[in-house]
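K.L.:
My questions all concern the structure below.
The values are calculated or read from the model by the stated rules, or taken from the named source; none is laboratory data. Everything quoted here is computed from the prediction, not taken from an experiment. As a convention, Cβ positions derive from the backbone with ideal geometry for all residues, glycine included, and neighbour counts pool all protein chains shown. Ligands, DNA and RNA are stripped out before the accessible areas are found, and what is left, the full protein with its side chains, is counted by its heavy atoms. Shrake-Rupley method; radii C 1.70, N 1.55, O 1.52, S 1.80 Å.
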Amino acid sequence: QVQLVESGGGLVQAGGSLRLSCAASGRTFAIGWFRQAPGKEREFVAAISRSGGKTNYADSVKDRFTISRDNAKNTVYLQMNSLRPEDTAIYYCAADLTFDLRRAAVRAYEYDYWGQGTQVTVSS
């Protein structure tokens, strides 16, 4: 059983920054971050391959968010800068069991395990 634990969420003013962490149990996985705002569907945010050599971002966060990983700690980070009120959501990390070192999937159905989520609130 894969366990994913997110941390780092909180309340921040618009223009501020937060760094989310996703700690995984077991081997390294490709990891994706998704978010869901109240009344909205879950949406893709960013993904990173097992090797860290491939990343993907949603257009809405490109140039503001950076996904990275430390495989020695089996942890993936999402650095979020220039936060906007519309970034307010519950953020979930998810693990893709693929062995493809270059895969960084963008669709939720491609992920096999999900964390419990961490709340990010950006005030205007």
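K.L.:
Using a probe radius of 1.4 Å on heavy atoms only, what accessible surface per residue do you get for the chain? Whole Å² is fine.
P.N.:
The answer is 51 Å² per residue.
K.L.:
Before anything else, pin down the relative contact order of region 52-124: Cα pairs under 8 Å, at least 6 apart, normalised by residue count, whole percent.
P.N.:
With pairs under 8 Å counted, the relative contact order is 33 percent.
K.L.:
Any idea what the relative contact order of the chain is, in percent, if you count C-alpha pairs under 8 Å spaced at least 6 apart?
P.N.:
Once normalised by length, the contact order is 37 percent.
K.L.:
Test of the criteria: in region 34-124, which GluC sites (Glu not before Pro) are in a DSSP loop and have at most 10 other Cβ atoms within 10 angstrom of their Cβ?
P.N.:
Answer in residue order: Glu41.
K.L.:
What lysines could a cross-link reach from Lys54, if we take a straight Cα to Cα line under 20 Å and drop same-chain neighbours fewer than 8 places away?
P.N.:
Lys62, Lys73
K.L.:
Using a 1.4 Å probe over the heavy atoms of the protein chains, calculate the carbon and sulfur portion of the accessible area of region 38-124 as a whole percent.
P.N.:
Roughly 45 percent, rounded to a whole number.
K.L.:
Now a separate question. Simple spin-label model, 7 Å along Cα-to-Cβ: Gln79 to Lys40 in nm?
P.N.:
Placing both labels 7 Å along Cα→Cβ, they lie 2.4 nm apart.
K.L.:
How far is the Cα center of region 6-51 from the Cα center of region 78-124, in Å?
P.N.:
What the calculation gives is 3 Å, centre to centre.
K.L.:
Among DSSP bridges having both ends in the chain, what percentage is antiparallel? Round to the nearest 5.
P.N.:
Around 90 percent antiparallel, to the nearest 5.
K.L.:
Oh, and also: Could you tell me the accessible area of Ile90 in Å² (1.4 Å probe, neighbours in place), rounded to the nearest ten?
P.N.:
Probe radius 1.4 Å; accessible area of Ile90 about 50 Å².
K.L.:
So, one more: How much FRET efficiency would the formula 1/(1 + (r/R0)^6) give for Leu11 and Asp70, where r is the Cβ-Cβ distance and R0 is 35 Å, rounded to 0.05?
P.N.:
It comes out at approximately 0.85.
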